[in-house]
Structure formats: structure tokens, C-alpha cells
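Down below is the structure, laid out as C-alpha cells.
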There are 2 protein chains.
Amino acid sequence: MLSLTEENYLKAIYHLSDGGSKAVLTNELAEAMSTKAASVTDMIKKLSAKEVITYEKYYGVNVTIKGKSEALIVIRKHRLWETFLVEKLGFAWDEVHDVAEQLEHINSPRLIEKLDEFLGYPKVDPHGDPIPDNKGKIKLQPQVPVDQLQVGFQGKIAAVKDSDSNLLKYLDKIGAKPGVKIKVLGKEEYDESMEILIEDHRVFISKEVSQNILVVG
Amino acid sequence: MLSLTEENYLKAIYHLSDGGSKAVLTNELAEAMSTKAASVTDMIKKLSAKEVITYEKYYGVNVTIKGKSEALIVIRKHRLWETFLVEKLGFAWDEVHDVAEQLEHINSPRLIEKLDEFLGYPKVDPHGDPIPDNKGKIKLQPQVPVDQLQVGFQGKIAAVKDSDSNLLKYLDKIGAKPGVKIKVLGKEEYDESMEILIEDHRVFISKEVSQNILVVG
DNA sequence: GTATATTTTTAGATTAGCCTAAAAAATAAT
DNA sequence: ATTATTTTTTAGGCTAATCTAAAAATATAC
Ligand SMILES: [Mn+2]
Ligand SMILES: [Mn+2]
Ligand SMILES: [Mn+2]
Ligand SMILES: [Mn+2]
């Protein structure tokens, strides 16, 4: 059993480690959790005692198999709730993240199964992020941010980064949402801004924005 | 701003005081919160500093106007969530209370307004309890428990006590739910058990059960 | 009206999660 | 290979919410 705070640390570790593929350092975790390094050291001792991470002093932490599946259960809840808020309650996609941050900690497996059923077993959340199954498994397809694409590339938007509400409002305005066709028309070397085609209309986006739109090849 | 724990204490005080109409003693609150009297004394000092209750040493606490409306906001959330779980997710009425105890602490006024709208602005929850409005106002109609009724009484079930899951399963079996017609056919003096008519079929109920069914005159 | 019993409050500890400041280890620079 | 810088850990303290044991106030009994 993890506390609410422990769940949030574990989730941050999972994300910072890119799904468990690399170690996470004390300072980056402190930054992500808006807390101090000393507090992080305290917490990673607890999480390591609960065997959801392994901890090597001075060299950072890694998620265990158990930790990965527990993190994914929380992420599953987060994304199902976001889907509920948008699909059923009529929230805009930029309004749901903060509420989902609270709802993801509600502890009731039955509730989540019923919610999943009610939503028709969605595969992705409103931002295009995949929803893990009830065993804590996720199928991640490799996603590339638009800023790394070559001119001429054609594909579909797979997902967008979901934590900044203002970014989401802007993406909504230019029609950049999951499932939509995208083509790279040009790239300005000076500031790495890009000209892209979204569905049928041309837009210019800054590097900042291009990093937050993800496509699948 | 009240913490989750403070909200739970305030809600218990509100219920034990019959909606603010009488003082609540330290020991009964300790009993209701499954905690010790010493912990209660600590907490009522905090709640009284936040002006949601008034506290007279050794003589118990009373809810303030402010406290009453804050308690009713939590109760509103609890009852809306219970309604959602039954009406939309297909939970049985005996399965919803514990989950609602968690969900009632989610802090998002917009979420609750949207949920209320989604549910079609229900007036009562699945157990017949009235749902307070978004200003923290409730209209309580005087409800009488069945054990206090005279033989020959006829009326409708208004509500049932909702915290014991096994009781609710039993009530469901005998058809005792809000809105259903009820008539008192007889009462046994020895153990105060009763014979009643629910809709159209006759059942015998113990005093225990009769105390948990509420009718409106 | 004093003595006894009950209820409530205070005193002193404990745990989770956080902090600042100081010490220790690892990394980078000369 | 020392010295300097950066990162991380330890030490010690704080608050919220809990506990046990002792003291104080109130209620009950004779
Ligand atoms: Mn989110
Ligand atoms: Mn999302
Ligand atoms: Mn309930
Ligand atoms: Mn109820």
C-alpha cells in the first residue's frame, strides 16, 4: 500500500525514467516534485523499503517491475478519469489534468473497472496517451516530437503533452489533436520554428510548440 | 480551507448534532470517528480556530453557520457521487458509501457542477437522502423511523440509513427502498418487532431494522 | 455536602512529510 | 594529483494527526 504522496513520487520516477529505462537522479526528482533534495532522499528510502524502486546511494533510483506496474495503475486511473471528464462531463482537454491528479488516488479497483466499461474501454486519453490495462501493462508505440522531423514528413498526430493548460488551448486553436494528419512543410534554421500542415491548413509553430506535439511514423 | 481529516470531523459533528440543532460531546465524536477523546480535543481546537464550530470546554461543540454550509458542501459531493455510482456505473446501493467517502474530498467546484448537470440535478441520493444545493442549503423534511409508528400507519418510505452494507442488502431483498408504499400491520410488544406491508407484500422486521427505515408522514 | 465515578483536557511521544544547514561523496578543473 | 565545484546525504527541527497516561473538571452517589 502506497500513500498518496508515495504514489506521486513513484509516478514522477516512472515518467522521468522514460517508463523505467533509465535511472533518475535526486535533483531532477526534487525539481519535478517541487520539493528539496533532502526530502527526496527521505522518500526514496521509503519507496525502496517498499521495493517499488532500487536505490544506489549517490547514483539515483530505478523502478522495479513491481513499481512499474503500480505506477501504471495510477497512470491508468489518471487517464481514464481524464477521458471521463472530457467525454461524459464536457470538460475541455486543457481543464482535466489537475482534477485527474486528485482522482487518480481514489482507491477502488471496482470503480475503475466500472468506469472503464462505462467509457467503452478507451485505448487512449484525450491527449492521445495510451491507457494501461488493469494488470498495469501498456503498449507504447514509439513517438517522435515534431521538432525532430525532416521537412517533407507526413503522418498523424499521436499525442500532445498534457500538463500545460495554455499550450493545450493553443493546440486546440490550431487543430493539433490526436488522429489528425500532419505534414512538415519547412523549417527555419535560425530559431527552429516550423511551417506545418495540420489536416488542411498551414500554420507556423515555434520550437517550443513543436516539441510538444508527438507523431507516430 | 479544511484538510481531509478536518472535513471528516466536521461532517461527523454536523450529523451527530442533527444538522446543527444540538451540542456534540467529545466522547460521542471519538466514538463516531473511531479515535480517542484526546485526539478529538486536539481537533476541535483547530476547527474552532477556523470558526466552523464553537467550543465550550467540557461542554461540547456546536456547528457555526459557516461550518454548517461547509459540512453540507461535503455532504452534497458525497450524495452526488453515490448517485453517479448507482445511476451511471451500475453499482448496487450497498456498494457506494465507502467509495463516496473518498470521492467527497475531491476539490473542484466545476467538477461537482458538471456532475450535477450530468445526473440531471437529482434531488435525493440512492438511499433517499436529500442532496444539498451548491450554496450549501438543504431542505429537510421531518422523517420518522418506522419503529416509532403506530399500528395502522400508512405512508411512503422516504429514506434508509446508508452506512451498513449488510443492512442495505437486506432492505433491497424485502423491497424497502425510497418511494415505496408502507403500512404498519402490527407490533409485537415483547421484542418490538413489527409486521409491515411493503408495496404489496407482508414482511416481519426486527426493531433493529425498523429503526433504519424512515418515512414521511 | 463531601466522596466517588465519569468525562474531558493536558502532557509528552510517535509517524509522515517537509524544511534548513552542515557534512560527505562524486565530479570537474587546474 | 590536489583543489574546487556540484550533488547528495545526514542531522536536527517543524507541523498535522494520532496515541497513552496523568491531571483536572464535571456529574453522580451517598
Ligand atoms: Mn494528465
Ligand atoms: Mn492526459
Ligand atoms: Mn453514504
Ligand atoms: Mn447515501
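The values are calculated or read from the model by the stated rules, or taken from the named source; none is laboratory data. Because the structure is predicted, anything quoted here is derived from the model rather than measured. Using ideal geometry, Cβ is built from the backbone for each residue, glycine included, and neighbour counts are taken over all protein chains shown. Ligands, DNA and RNA are stripped out before the accessible areas are found, and what is left, the full protein with its side chains, is counted by its heavy atoms. Shrake-Rupley method; radii C 1.70, N 1.55, O 1.52, S 1.80 Å.
Evaluated against (1) away from DNA strand C (no atom under 13 Å from the Cβ); (2) under 18 Å from the mean Cα position of the chain (by Cα), residue B:32 falls short on exactly one condition, (1). Taking the conditions exactly as written (over 17 Å from residue A:207 (Cα atoms) and assigned to a loop (DSSP other than H, G, I, E, B)), does residue A:156 satisfy them or not? In short, no. Only helices (runs of 4 or more DSSP H) whose full extent lies in the stretch A:36-152 are considered here, and none of them has at least 2 residues that are within 16 Å of ligand 3 (Cβ to nearest atom) and more than 14 Å from every other protein chain (Cβ to nearest Cβ). Within the stretch B:86-107, being within 16 Å of residue A:85 (Cβ to Cβ) and either buried (at least 19 other Cβ atoms within 10 Å of the Cβ) or modelled with pLDDT under 95 (or both) holds for one residue alone: B:103. So, residue B:32, is that one in contact with a Leu (Cβ under 9 Å, 6 or more places away or on another chain), surrounded by 15 or more Cβ atoms within 10 Å (Cβ to Cβ) and away from every other protein chain (no Cβ under 14 Å) or not? Here the answer is yes, as residue B:32 does meet what is asked.
Results for (1) open to solvent by 40 Å² or more (accessible area, probe 1.4 Å); (2) within 15 Å of the chain's Cα centre (by Cα); (3) modelled with pLDDT of 95 or more, shown as yes or no for each residue.
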site: A:120; (1), (2), (3): yes, no, yes
site: A:123; (1), (2), (3): yes, yes, yes
site: A:129; (1), (2), (3): no, yes, yes
site: A:132; (1), (2), (3): no, yes, yes
site: A:135; (1), (2), (3): yes, no, no
site: A:141; (1), (2), (3): yes, yes, no
site: A:149; (1), (2), (3): no, no, yes
site: A:160; (1), (2), (3): no, yes, yes
site: A:164; (1), (2), (3): yes, yes, no
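Regarding the stretch A:188-211, can at least one residue be identified that is surrounded by 13 or more Cβ atoms within 10 Å (Cβ to Cβ), modelled with pLDDT of 95 or more and closer than 20 Å to residue A:86 by Cα? Looking through the stretch A:188-211, none of the residues is surrounded by 13 or more Cβ atoms within 10 Å (Cβ to Cβ), modelled with pLDDT of 95 or more and closer than 20 Å to residue A:86 by Cα.
Tallying residues that are more than 16 Å from residue A:70 (Cβ to Cβ) and touching a residue at least 12 places away in the same chain (Cβ under 8 Å) within the stretch A:99-129 yields 16.
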